[in-house]
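The values are calculated or read from the model by the stated rules, or taken from the named source; none is laboratory data. Keep in mind that what you see is a predicted model, and the values were worked out from it rather than measured. Reconstructed Cβ throughout: ideal geometry from the backbone, glycine too, with neighbour counts over all protein chains shown.
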Amino acid sequence: MSRRFLFVLGSARAEGNTESLARKAAEQLPGDVEQDWIHLAENPLPDFVDLRHDSDHVRPAADTPAGRALDATLAATDIVIASPLYWYSVSGLTKTYLDHWSAWLRIPEIDFRAAMAGRTLWGVAALAAVEPSVADPYVGTLNNSAAYLGMRFGGVLLGNGSGRGDVLRDTAALARAKTFFAQDAPLARFPHEVHEAA
């Protein structure tokens, strides 16, 4: 399967720092790598309703935001969560997208867990803080989601910026963006598995 990147933009505003950093990283991808971009603010998903103990979920219609997000996710070899750091984790729009993974796990004809196994999850985030450790909960959310589904995890590309365009002055982040998607992403593991293996 040739590589196809899905960029899930979770910012409440268009062309913000996170999107700018994601686009800088995407520029480095080879020309034959397909790219799909979803702006969650422009294509909001419905609130997630937990039906796991009531009934199986029905596959959303392809012409709905949830159907398009599902189809794009299944078509991707690499999924990039491009969400700014909001209260130390992903944005509400992004969290709703991840919550829908729970629904997709319960659509019988998809076998979402098997479909996602071996694919790669990446993160891109802009944050206003200078200390990158404030993003640890964000990184944990993505790492653990990938581990649960048997995915690879490429880590999170962090950049500093609050005002529009600030991240484009973060020379360290721009340098990391040039090689971010070129790295080999290991199979994601839950933190306790990492400690046990050490």
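Comparison of Ala172, Ala129, Ala147 shows that the only residue that is out of contact with any His (no Cβ under 7 Å at 6 or more places or on another chain) and over 23 Å from Thr94 (Cα atoms) is Ala172.
Residue-wise test of (1) in contact with a strand residue (DSSP E or B) (Cβ under 6 Å, 6 or more places away or on another chain); (2) over 17 Å from Leu142 (Cβ atoms); (3) modelled with pLDDT of 95 or more; (4) hydrophobic (A, V, I, L, M, F, W, C).
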| residue | (1), (2), (3), (4) |
| --- | --- |
| Gly163 | no, yes, no, no |
| Ala173 | yes, yes, yes, yes |
| Thr179 | no, yes, yes, no |
| Glu193 | no, no, no, no |
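Residue-wise test of (1) β-branched (Val, Ile, Thr); (2) surrounded by 11 or more Cβ atoms within 10 Å (Cβ to Cβ); (3) closer than 22 Å to Ala114 by Cα.
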{"position": "Arg152", "(1), (2), (3)": "no, yes, yes"}
{"position": "Gly155", "(1), (2), (3)": "no, yes, yes"}
{"position": "Thr171", "(1), (2), (3)": "yes, no, no"}
{"position": "Arg176", "(1), (2), (3)": "no, yes, no"}
{"position": "Leu187", "(1), (2), (3)": "no, yes, yes"}
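Of all residues in the range 149-165, those satisfying the criterion of being without any contact (Cβ under 8 Å) to a residue 60 or more places away in the chain and at positive phi are Gly150, Gly155. For first residues located in the range 123-147 and free of Cβ contacts under 8 Å to residues at least 24 places away in the same chain, partners that are in a helix (DSSP H, G or I) and among the polar types (S, T, N, Q) and lie 6+ apart or on another chain with Cβ distances below 9 Å do not occur.
Note on the range 138-197: residues that are of a type in the set (Lys, Arg), under 17 Å from Val124 (Cα atoms) and not in a helix (DSSP H, G or I) amount to 3. Could you say whether any residue in the range 67-80 is assigned to a loop (DSSP other than H, G, I, E, B), of a type outside the set (Asp, Glu) and either over 28 Å from Glu27 (Cβ atoms) or touching a Lys or Arg at 6+ places or on another chain (Cβ under 7 Å) (or both)? Yes: one or more hits. Within the range 104-125, being part of a helix (DSSP H, G or I), surrounded by fewer than 22 Cβ atoms within 10 Å (Cβ to Cβ) and among the aliphatic types (A, V, I, L, M) holds for Ala114, Ala115. You will find that of Pro46, Pro30, Pro60, the residue that is surrounded by 15 or more Cβ atoms within 10 Å (Cβ to Cβ) and not β-branched (Val, Ile, Thr) is Pro60 and no other. Can you confirm whether the range 126-148 contains a residue that is on the phi > 0 side of the Ramachandran plot, surrounded by 15 or more Cβ atoms within 10 Å (Cβ to Cβ) and within 13 Å of the chain's Cα centre (by Cα)? No: zero hits. Which residues, taken from the range 84-103, are hydrophobic (A, V, I, L, M, F, W, C), assigned to a loop (DSSP other than H, G, I, E, B) and surrounded by 19 or more Cβ atoms within 10 Å (Cβ to Cβ)? Answer for the range 84-103, where residues must be hydrophobic (A, V, I, L, M, F, W, C), assigned to a loop (DSSP other than H, G, I, E, B) and surrounded by 19 or more Cβ atoms within 10 Å (Cβ to Cβ): Leu85, Val90.
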